[in-house]
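Colleague: Dropping the structure in here first, questions after.
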Amino acid sequence: MAETTRTACPYCGVGCGVLATRHDDGSVTVKGDPEHPSNFGRLCSKGSALADTLALEGRLLHPEIGGRRASWDMALDLVARRFSEAIREHGPDSVAIYGSGQLLTEDYYAANKLMKGFIGSANIDTNSRLCMASSVAGHRRAFGSDTVPGGYEDLEEADLVVLVGSNLAWCHPVLFQRLEAAKAVRPSMRVVTIDPRRTATSELADLHLSIRPDGDTALFAGLLAYLDEGGRIDRAYVRQHVNGLDEALAIARQWPVSAVAAATGLSPAETGAFFELFARTPKVVTVYSQGVNQSVSGTDKVNAIVNVHLATGRIGKPGMGPFSVTGQPNAMGGREVGGLANMLAAHMDLDNPAHRDIVQGFWNAPKLAAKPGLKAVELFDAMHEGRIKAVWIMATNPVDSLPDADRVREALGRCPFVVVSDVLRDTDTTRHAHVLLPAAAWGEKDGTVTNSERRISRQRAFLPLPGEVLPDWAIISAVARRMGHGQAFGYTSPADIFAEHAALSGVANNGSRDFDISVHAGIGQPDYDALEPFLWPAPADGKGLEDGRFFAQGGYFTPDSKARMVPVVPAATGSEEDGLLTLNTGRIRDQWHTMTRTGRAARLLTHIAEPFAEIHPDDAAAQGIAAADLLEVSNVRGSVLVRAVVTDRVRRGEVFVPMHWTGQFSARARIDVLTGRQRDPFSGQPGLKRNAVRISPVAARWHGFAVLSRAPEHLPFAYWALAPLTDVGTSEAVKIEFATLEDDTPEEIAASLLRRCTLGGTGKPEQMSFHAASDGLYRCMVWQDGVLAGAVFLARTPVAVSRSWASSLPGTRDDGPATRWRLLAGRPAADVPDKGPVVCTCFQIGANEIRRAAAEGSGTVAAIGACLGAGSNCGSCRPEIARLLAECKPHEEAHDHAARSA
Ligand SMILES: Nc1nc2c(c(=O)[nH]1)N[C@H]1C(S)=C(S)[C@@H](COP(=O)(O)OP(=O)(O)OC[C@H]3O[C@@H](n4cnc5c(=O)[nH]c(N)nc54)[C@H](O)[C@@H]3O)O[C@H]1N2
Ligand SMILES: Nc1nc2c(c(=O)[nH]1)N[C@H]1C(S)=C(S)[C@@H](COP(=O)(O)OP(=O)(O)OC[C@H]3O[C@@H](n4cnc5c(=O)[nH]c(N)nc54)[C@H](O)[C@@H]3O)O[C@H]1N2
Ligand code: SF4
Ligand SMILES: [Mo]
């Protein structure tokens, strides 16, 4: 009998409910949970493909010491011993934990408790430092607490939604769809996007502001002055609930529209249009994300945004408020348990003696960390200097995701003892571990996560624990017990931990702290199992918030209960010196971070299959770079080699490169090799969105594309990008984009690739090739046991063959010479037109099919859905369908190439 489990998606901070069904044959299918209040049944492309990522191939299934399998006892003993020794010899601050917003709340709570309460150091920080730290700092400056005032419904109820540095369509797709649906029902609603790039999100916008990097503070300071001038300040609200208006205005008044325009690179007309729209629309929500947080002035940006909401009293009311959307599934949960180096559990402050007493007493902790610990970037700096003697990395891949990533790798190499808990055996980080601890993955573990709107949902297991894996909370507790803290870590289930966490949130609270879920203090297993998604606060007395929102009537968590407007001084905006460009980095629709999970689902690599750099046509022309050329992006720290996408969707002087490609998926595309360690002074968050780089064309002698029934052991090319052709676990077929810089013959190149893979089968492979030297074209097909086992396409210019068609080749039966010659000719059969780059991953619908349908009269996204299916399942591709319909400008063919590498 098929069994269905209600759980939550492990990707983004929207926190969608998922129904996972395990069928009799062991297979799993997923769909959106129609009853979950965050997604009401919807899932995006990544969520829909979750079942494709569950195969055990590549998983870390047993503990390892020094690269060899070890027993749990040996591994745990060693971790406990080495940590204890370092603490004894060098003090508690010589050890550290580097965690993740992808840990569940229970895992996170246990790690934080061990470090802050029992090791007695606050050297626990997480990848949230790269993600949400500036929002946390900004919230705390303004509200006295890290509080998100409103929820998702506010986006639907607003008359104006401003998206600042947020590519919601790709990064929070289901929330974007809720917004899209609300706008469709109420077309008077306005959407403004503020981003240096035009993104899929700007397809929905009535106004898009291509702002100069870091122009946000100037823009919002100018807006504050404009609101004041127009008499839009809510004097009554400010008088009762807000401090600091005059100080903030004193600076803001230096930013008239003309000054804002000069600093931001926007025209005075568009700046004025935005200000006026904001001024006359009371119901406005300002959503912001990494374009705000990941900046050396990120905290000021947050406060510049919060200031305009405080000054107009547009906060905590239906359809109004600043809204920081969280990235990871449990970024919020991590903040709740105090998982950052400068926080304490349950939203208490590390530097507040009363709070310290509460936590120490509650934990019965021998020594509570006395001062804030090292923040992520500082932590790896300290490691580089030899000050960290033992580190434990959990659920994050810092060798790819921290700035100055090669230095991070060096730091790990210098650290005497590195422990990594992960679900995969081979990542760029696991290879530096002395001890590898196999963690349970999504679907195997139980716990809770909190999404962007403060909603706590259960993740539930529906799969058995494979091999010897253990959930993170159990691993952490086992080490803590071996370090002598048995009494405090005697947990037998995540429910035990959640019950304790909930109880702590209520201790001496009485409404003095925002985070209170003490209604669940001491929760037992059955109730925990049945726990429905709920919003916090949920105090024991049942008196939570009336409508789920904070601050409509003030009640800030400051000594005088008033919010604080911060007098922010706009920082210099981005424009690099001669010859340098600004490197901007971020995400694409179908990949998740370092691709450890989404890189296993073939269909998620049909939309974009290669690392790329978006550059403006003028910058491309200046460097002689053509669409789909290879491009080197470099600075003093290093370089990457990626495909050029020439498009005016980026500003002149800027380059956008995705953060996703790692050493596992490409030759040289780890973009954090180029990002610097400079960071925001308040939050310690690094400026990952703005780094100076150079670009230069790289002359490839041959461009290549290959499909192979087995992955080669090693790729002998200067440039390559690897993607699975079928989901990992079902077969090992791969597709490879590559290029060579040496002038080998095409025969040699093909041979060097084919030599490195065992294509399976028993018979002797039979090779057929075709070389048109004068046209610079070469093709070769390998047949084995009557089926096609590999195909290699080489050309002097970027290979033009249809990727969707070529990807379908492996396994094609050899029906005789006609088939063989047709395939070698490199084109689909006459009756199968090329579908072009895949746009809709769910139905694998290509751009050409959409264009054709449009030409035949399907002129709307809905009509395309009705006729092709495209966009009608997860909906993540709808903004791109809209763009295709609106028109495909000729110079955007390059985008097609990067996508066509699909
Ligand atoms: N598909 C997908 N979704 C994800 C993730 C993923 O890996 N893949 N990761 C999740 C996580 S952890 C996070 S944190 C979120 C991130 O979600 P987002 O913040 O929406 O995503 P990013 O692409 O990092 O950056 C957003 C935008 O900021 C813009 N930007 C850069 N500099 C500036 C600036 O100075 N000002 C302004 N206004 N904008 C600027 C960039 O051009 C980019 O379009 O996504 C989550 N969702
Ligand atoms: N240049 C640039 N760099 C960036 C960003 C950017 O926009 N630009 N964004 C930053 C942001 S916002 C973020 S959030 C980070 C994300 O960066 P990372 O945190 O490094 O990214 P992930 O690839 O999600 O790494 C998660 C790791 O945990 C493992 N894992 C998965 N589930 C579990 C589990 O249950 N337990 C354990 N123990 N391990 C598990 C996965 O296999 C993987 O190795 O990147 C940051 N880096
Ligand atoms: S929007 Fe997509 S990635 Fe985010 S939680 Fe929902 S299904 Fe998962
Ligand atoms: Mo993030």
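Colleague: With a 1.4 Å probe and all protein chains kept in place, how do GLU856, GLU532 rank by accessible area, largest first? Please report the intermediate quantities before stating the final value.
Modeller: Working: GLU856 150, GLU532 100 Å².
In descending accessible area the options line up as GLU856, GLU532.
Colleague: Right, something else. Take MET1 and THR21, extend 7 Å from each Cα along the Cα→Cβ direction, and tell me the distance between the two endpoints in nm.
Modeller: 1.5
Colleague: Quick one: which residues, 5 or more positions from THR429 or on another chain, have an amide H under 5 Å from its amide H? H modelled 1.01 Å from N in the peptide plane, none for Pro or chain starts.
Modeller: Under 5 Å from the amide H of THR429: VAL399.
Colleague: Compute the distance from the alpha-carbon center of the stretch 196-248 to that of the stretch 278-310, in whole Å.
Modeller: Centre-to-centre (Cα) distance: 7 Å.
Colleague: Moving on to the next point. What are the trypsin sites (Lys or Arg not before Pro) within the stretch 168-271 that DSSP puts in a loop, where the Cβ has at most 16 other Cβ atoms within 10 Å? Write down the numbers at each step before the final one.
Modeller: Details: sites: ARG178, LYS183, ARG190, ARG197, ARG198, ARG232, ARG235, ARG239, ARG253; in loops: ARG197, ARG198, ARG232, ARG253.
The qualifying sites are ARG253.
Colleague: Separate question: Rank by packing, highest mean first: peptides 106-117, 640-651, with packing defined as the count of other Cβ atoms within 10 Å averaged across residues. Could the numbers behind the result be given before it?
Modeller: On the way: 106-117: 28.9, 640-651: 23.9.
Answer by packing, highest mean first, reads 106-117, 640-651.
Colleague: What lysines could a cross-link reach from LYS31, if we take a straight Cα to Cα line under 16 Å and drop same-chain neighbours fewer than 8 places away?
Modeller: Counting by Cα, and skipping residues close in sequence, LYS31 has these lysines nearby: LYS46.
Colleague: Here is a further query. Sort CYS780, CYS867, CYS171 by heavy-atom solvent-accessible area, probe 1.4 angstrom, most to least.
Modeller: On the way: CYS780 0, CYS867 75, CYS171 30 Å².
Listed by decreasing accessible area, they come as CYS867, CYS171, CYS780.
Colleague: At 1.4 Å probe size, with every protein chain present, just tell me what the per residue accessible area of the stretch 133-324 comes to in Å².
Modeller: Values: 5130 Å² over 192 residues.
With the other protein chains kept in place, the stretch 133-324 gives 27 Å² per residue.
Colleague: Provide the per-residue ³J(HN,Hα) series for the stretch 628-643, in order, calculated from phi with Karplus coefficients 6.51, -1.76, 1.60 and θ = phi - 60°, each as a whole number of Hz, with x at glycine and proline positions.
Modeller: With coefficients 6.51, -1.76 and 1.60, one gets 6, 5, 7, 9, 9, 10, 8, 7, 4, 7, x, 8, 10, 10, 9, 8 Hz.
Colleague: Could I ask something else about it? Could you give the accessible area per residue of the stretch 838-888, probe 1.4 Å, as a whole number in Å²? Working shown, then result.
Modeller: Working: 2060 Å² over 51 residues.
Normalised by residue count, the accessible surface of the stretch 838-888 is 40 Å².
Colleague: Applying 1/(1 + (r/R0)^6) with R0 = 51 Å to the Cβ-Cβ distance of ASP744 and ASP77, what FRET efficiency is obtained, to the nearest 0.05?
Modeller: On the way: r = 52 Å, r/R0 = 1.02.
With R0 = 51 Å, the Cβ-Cβ based efficiency is 0.45.
Colleague: What is the calculated FRET efficiency for GLU229 to PHE40, with r their C-beta to C-beta distance and R₀ = 45 Å, to the nearest 0.05?
Modeller: For R0 = 45 Å, the calculated efficiency reads 0.60.
Colleague: Further question: Two decimals is fine: what's Rg over Rh for the chain, C-alpha atoms, Kirkwood radius as Rh?
Modeller: Values: Rg = 27.2 Å, Rh = 28.3 Å.
Taking Rh as the inverse mean 1/r over Cα pairs, Rg/Rh reads 0.96.
Colleague: At a 1.4 Å probe, what is the % contribution of carbon and sulfur to the accessible area of the stretch 126-235?
Modeller: Values: 1230 of 2630 Å².
Roughly 47 percent, rounded to a whole number.
Colleague: In whole percent, what relative contact order does the stretch 133-324 give with Cα contacts below 8 Å and a gap of six or more residues? Can you show the working numbers first?
Modeller: Values: 328 pairs, mean separation 66.6, N = 192.
Value for the stretch 133-324: 35 percent.
Colleague: From the square roots a ≥ b ≥ c of the eigenvalues of the alpha-carbon gyration tensor of the stretch 581-697, which class results: rounded (a/c under 1.5), prolate (a/b over b/c), or oblate? Please list the in-between numbers first.
Modeller: Details: a/c = 1.68, a/b = 1.04, b/c = 1.61.
Oblate is the answer for the stretch 581-697, as a/c is 1.5 or above yet b/c matches or exceeds a/b.
Colleague: Output wanted: per-residue J couplings in Hz (rounded whole) for the stretch 91-100, from phi through Karplus 6.51 cos²θ - 1.76 cosθ + 1.60, θ = phi - 60°, x for Gly and Pro.
Modeller: Residue by residue, the stretch 91-100 yields x, x, 7, 8, 10, 7, 10, 10, x, 7 Hz.
Colleague: Using Cα pairs under 8 angstrom and six or more residues apart, how large is the relative contact order of the stretch 581-697, in percent? Intermediate values should be presented prior to the final figure.
Modeller: Details: 244 pairs, mean separation 42.2, N = 117.
In percent, rounded to a whole number, it is 36.
Colleague: In Å², what does the accessible area per residue of the stretch 581-697 work out to with a 1.4 Å probe?
Modeller: Values: 2970 Å² over 117 residues.
Accessible area per residue, the stretch 581-697: 25 Å².
Colleague: Tally up the carbon and sulfur contribution to the accessible surface of the stretch 599-758 as a whole percent, 1.4 Å probe, everything protein left in place.
Modeller: Details: 2510 of 5150 Å².
Whole-percent figure for carbon plus sulfur exposure: 49.
Colleague: Please figure out what share of the DSSP beta bridges in the stretch 702-825 is antiparallel and state it in percent, rounded to the nearest 5. Walk me through the intermediate numbers first.
Modeller: Details: 35 of 36 bridges.
Percentage antiparallel, nearest 5: 95.
Colleague: If DNA, RNA and ligands are ignored and the probe is 1.4 Å, what is the ranking of THR762, THR812, THR193, THR492 by accessible area, most exposed first?
Modeller: Details: THR762 135, THR812 40, THR193 5, THR492 110 Å².
Correct descending sequence by accessible area is THR762, THR492, THR812, THR193.
Colleague: Something else about it: Which value, in debye to the nearest 20, gives the size of the charge dipole of the stretch 3-53 about its Cα centre, when Lys and Arg are +1 and Asp and Glu are -1 at the Cβ? Working shown, then result.
Modeller: On the way: 5 positive and 6 negative charges, 48 e Å.
Value, rounded to 20: 220 debye.
Colleague: Which parts of the stretch 312-330 would a label at ARG239 reach, counting a residue when its backbone N lies under 16 Å from a point 7 Å out along Cα-to-Cβ?
Modeller: 312-313
The values are calculated or read from the model by the stated rules, or taken from the named source; none is laboratory data. All of these numbers come straight from a predicted model, not from anything done at the bench. When we count neighbours, we look across all protein chains shown, and the Cβ atoms used for this are built from the backbone with ideal geometry, even at glycine. Please note that ligands, DNA and RNA were not included when accessible areas were found on the heavy atoms of the full protein model with its side chains. Shrake-Rupley method; radii C 1.70, N 1.55, O 1.52, S 1.80 Å.
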